[in-house]
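A.B. asks: First the structure, which I've put down as structure tokens, then a few questions once you've had a look.
The values are calculated or read from the model by the stated rules, or taken from the named source; none is laboratory data. Just so you know, these numbers come straight off a predicted model, no measurement behind them. Neighbour counts are summed over all protein chains in view; Cβ atoms, including those assigned to glycine, are modelled from backbone coordinates with ideal geometry.
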Amino acid sequence: MTSSLSSRSDLGESPHQPSAPDRAGLLAGGHRRGKRKALPYEYRRAVSSAYYGLFHAILLAAAEIAVPPTVGGRDERLLAPRWVHHADVAKVCGWVTRIASLPGGHATAPRGTGGDRVWPLFTIPSGPGQRASAVPLFVQDLAQSFVDLYLARQAADYDHLDRFDKSRAIALVDDAKQALDLLSNNRGDAYLERMLSLVVLRASRAS
């Protein structure tokens, strides 16, 4: 699947690398493999590819904020994602999912929410001196999907004791596809744009 933010070439994908939904068909016995049963490494590669599709789509969306059309062209915008590390996106998405999961109101930023500089961006007043999450469900789902895929990709690439079977691989690939849809269909939402802006700021802080 290709995000509406860019073409497949913008994502740096090889023409031989399936997008997330294509990979799901491949695992299910698509035409590229005929009836041959997938090998264990193919399940791992599918999970890794699904993660990278979402990772690059988020980077390109963040790059549109860092280098808008008024200050740079396509070439400059495609350089911006090089600033961002995988852990930068995972950290920001972790803050968002933590904030979204908190019940009730809180007087100060709870642990794991990015502190007092991040907490107000994703909360609204909920009582005297308290704030509660205002994160839309789709932003929470997108952020959680990234965190899940980030961890799964690390296991798929480096943990040879972890098992990746067909059902697990397809579930993760489908999760990536849904997350890509959430990203491309909701650009302009204030909370999504704030999350993407924090990706840029986090990367700048780490560089």
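A.B. asks: Using the structure shown, decide if Asp189 is of a type in the set (D, E, K, R) and either in contact (Cβ under 8 Å) with a residue 24 or more places away in the chain or farther than 17 Å from Tyr51 by Cβ (or both).
C.D. replies: yes
A.B. asks: Still on this model: Those residues that are surrounded by fewer than 21 Cβ atoms within 10 Å (Cβ to Cβ) and under 16 Å from Ser167 (Cα atoms), I need them from region 35-44; list them, please.
C.D. replies: Of everything in region 35-44, those that are surrounded by fewer than 21 Cβ atoms within 10 Å (Cβ to Cβ) and under 16 Å from Ser167 (Cα atoms) turn out to be Lys37, Ala38, Leu39, Pro40, Tyr41, Glu42.
A.B. asks: Identify, from the list Ala203, Ala156, the residue that is surrounded by 12 or more Cβ atoms within 10 Å (Cβ to Cβ), modelled with pLDDT of 95 or more and either in contact with a His (Cβ under 7 Å, 6 or more places away or on another chain) or not hydroxyl-bearing (Ser, Thr, Tyr) (or both).
C.D. replies: Answer to the check: Ala156.
A.B. asks: A follow-up question, please. Could you list, in sequence order, the residues of region 165-187 that are assigned to a loop (DSSP other than H, G, I, E, B) and either at pLDDT below 95 or of a type in the set (Lys, Arg) (or both)?
C.D. replies: Residues satisfying the conditions are Asp165, Arg187.
A.B. asks: Evaluate the following for Phe146: is it outside any helix (DSSP H, G or I), of a type outside the set (Val, Ile, Thr) and crowded, with 20+ Cβ neighbours inside 10 Å?
C.D. replies: no
A.B. asks: Still on this structure, please answer the following. Criterion first (surrounded by 15 or more Cβ atoms within 10 Å (Cβ to Cβ), of a type outside the set (Lys, Arg) and modelled with pLDDT of 95 or more) does Leu78 satisfy it?
C.D. replies: no
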